[in-house]
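Below is one structure, written out as structure tokens; the observations come after it.
The numbers here are math on the coordinates, done by the rules we state, and not lab data. As the structure is a computational prediction, the values presented were derived from the model and not from experiment. Cβ coordinates were reconstructed from backbone atoms using ideal geometry, including for glycine residues, and neighbour counts include every protein chain displayed.
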Amino acid sequence: MGLIKTFRESFFLYSFIRDPLAITSFVVLFALCVVSFGAPVLAPMIHTTRLQ
């Protein structure tokens, strides 16, 4: 519990929350990571439809 409390009170989190560019960059990175997990699902479908 102490580690979480220390992180919540840290300057790193304080400065991250108040920087719009950092938040936007994090949202874009998170979206790209989420989409990348869907790629293996779509790739076999595209490959099999080309063979038929």
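List of remarks:
- Which of ILE23, ILE4 has the fewest Cβ neighbours within 10 Å, and the rest in rising order: ILE4, ILE23
- Segment PHE11-VAL35, extension gain: residue separation times 0.36 nm, minus the distance between their alpha carbons: 5.6 nm
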